[in-house]
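Read through the structure below, which is laid out as structure tokens, and then see the notes.
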Amino acid sequence: LHQAYPFFLKLAIALHKGYLPLWAANTFGGRRVAGEIQQGIFYPLNLLWCLLFSTPKGIDVYYLDLLVALHYLIAVIGMYKVARTFQLPITSSVAASLIFSFASALGARSAGQTCIFFGLALLPWSVYLVAKYYMVRPHKRYLVFAGLIAGLEILAGHMQPFFHTMVINGLIIAFFEYRRRRTWRHLLVSSSINILVPLTFALVIALPQLYYAAEYFSHCYRTISHGYFIAPRQKVPLYVYAHWFII
């Protein structure tokens, strides 16, 4: 209500007036809406939802609740497919999908930063495609699609889910490439290629958002975990980054 709803309101009204809200003339004397990555104005599901369920006056909170419910469904199905691809029994796969969707950071984010929640809900699908590449059939298109979904995480409104998705995918790739290595050089080359493929396609599909947000990255001032305040060009302490943001 305090963050995502105003963002959706702006997007819905703008779309009904026939334009994408790249610029806001009524905030700070004018600013780039697209520069605030958390608004997710390039995220296809946000655009589709606002076109389908909004009016020229905006969008009702009820429909945004349904959008959250849809992402829960996306997460449940996605994690189930991940578990089954890794050959877990059906019961274990159901448990894994329910735990991930309703008892993990994903559930916590649904009541916090909606943009992170949307991105995390997509995470299993990218992992599923990488797993399918190694467990089912080694077609490079699986890595391409894994990257496109990771790029959608950025478009959903935050870099954090994308970062964690690439960490997980990178670990899976390194594990399987290590198991089937012929030489250490082969391991390095094959792992690098299979990590670069999804990374490249993720950045390509997210390019519109990254382009508009780039100039703001060096001017951020925010509170981070552990009581630290980070001003422009200051670095997050290594302990905070490793412990709070990764572990």
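Provide L11, L207 ordered by accessible surface of protein heavy atoms (probe 1.4 Å), highest first.
Values: L11 5, L207 105 Å².
Result, largest first: L207, L11.
Using a Cα distance threshold of under 20 Å, what count of lysine pairs results for the chain when pairs must be 8 or more residues apart or interchain? Numbers along the way, then the final one.
Numbers: K10/K57; K17/K57; K81/K132; K81/K140; K132/K140.
Lysine pairs, 8 or more places apart or on different chains, close enough: 5.
Taking just the alpha-carbon atoms of segment 146-185, what radius of gyration and Dmax come out, in angstrom?
In Å, with Rg to one decimal and Dmax whole: 13.1, 41.
Please report the accessible area of V136 (heavy atoms, 1.4 Å probe, ligands and nucleic acids excluded) in Å², nearest 10.
My reading of the accessible area for V136 is about 80 Å².
Which order do E36, E215, E177 take when ranked by solvent-accessible area (1.4 Å probe, heavy atoms of all protein chains), largest first? Please list the in-between numbers first.
On the way: E36 60, E215 95, E177 0 Å².
Per-residue accessible area, sorted high to low, gives E215, E36, E177.
Restricted to Cα positions, what overall size does segment 1-49 have along the principal axes? Three whole-Å values, descending.
29, 25, 17
Quick check: at a probe of 1.4 Å, how many percent of the accessible area of segment 109-244 sits on carbon and sulfur atoms? Walk me through the intermediate numbers first.
Numbers: 4940 of 7390 Å².
Here carbon and sulfur together make up 67 percent of the probe-accessible area.
Relative to the longest principal axis of the C-alpha atoms of the chain, give the angle of the C-alpha long axis of helix 160-179, reported between 0 and 90° and rounded to the nearest 10°.
Helix 160-179 sits roughly 10 degrees off the main axis of the chain.
Students sometimes get this wrong: rank H2, H16 by accessible area, probe 1.4 Å, all chains present, largest first. Before the final figure, lay out each step's value.
Values: H2 185, H16 80 Å².
Reading off the accessible areas and sorting them downward yields H2, H16.
Please calculate how many Å² of accessible area segment 120-247 carries per residue, with a 1.4 Å probe and no DNA, RNA or ligand atoms counted. Before the final figure, lay out the partial values.
Details: 7360 Å² over 128 residues.
Per residue, segment 120-247 has an accessible area of 57 Å².
With everything on Cα atoms, drop me the angle between helix 44-53 and the longest principal axis of the chain, reported from 0 to 90° to the nearest 10.
Roughly 40 degrees between the two axes.
Sorted from largest to smallest, which semi-axis lengths in Å does the alpha carbon gyration tensor of segment 112-247 give for its equivalent ellipsoid, taking the root of 5 times each eigenvalue?
Numbers: eigenvalues 173, 62, 39 Å².
After scaling each eigenvalue by five and taking roots: 29, 18, 14 Å.
In square angstrom, rounded to the nearest 10, how much accessible surface does Y239 have for a 1.4 Å probe?
Counting only protein heavy atoms, Y239 exposes about 120 Å² to solvent.
Express in Å², to the nearest 10, the accessible area of T200 obtained by rolling a 1.4 Å probe over the protein heavy atoms while all chains stay in place.
Its accessible surface works out to 70 Å², give or take rounding.
As a test of the formula, what do you get for the chain when each DSSP H run with n ≥ 4 contributes -39,500 (n - 2.57) and the sum is divided by the residue count, at 222 nm and rounded to the nearest 500 deg cm²/dmol? Spell out each step's value before the answer.
On the way: 11 runs with 167 residues, N = 247.
Result for the chain: -22000 deg cm²/dmol, rounded to the nearest 500.
Could you state the per residue volume, in Å³, of the convex hull enclosing the Cα atoms of segment 1-123? Before the final figure, lay out each step's value.
Details: hull volume 13.0 nm³, N = 123.
Each residue corresponds to 106 Å³ of Cα convex hull volume.
When each pair of different Cα atoms in the chain is counted once in the 1/r mean, what is the Kirkwood radius in angstroms, to one decimal? Don't skip to the end; give the middle numbers.
Values: mean 1/r = 0.0515 Å⁻¹.
Result for the chain stands at 19.4 Å.
The values are calculated or read from the model by the stated rules, or taken from the named source; none is laboratory data. Predicted model only: the values in this text are computed from it and were never measured. Note: accessible area is taken over every heavy atom of the protein model, side chains too, but ligands, DNA and RNA are not part of it. Shrake-Rupley method; radii C 1.70, N 1.55, O 1.52, S 1.80 Å.
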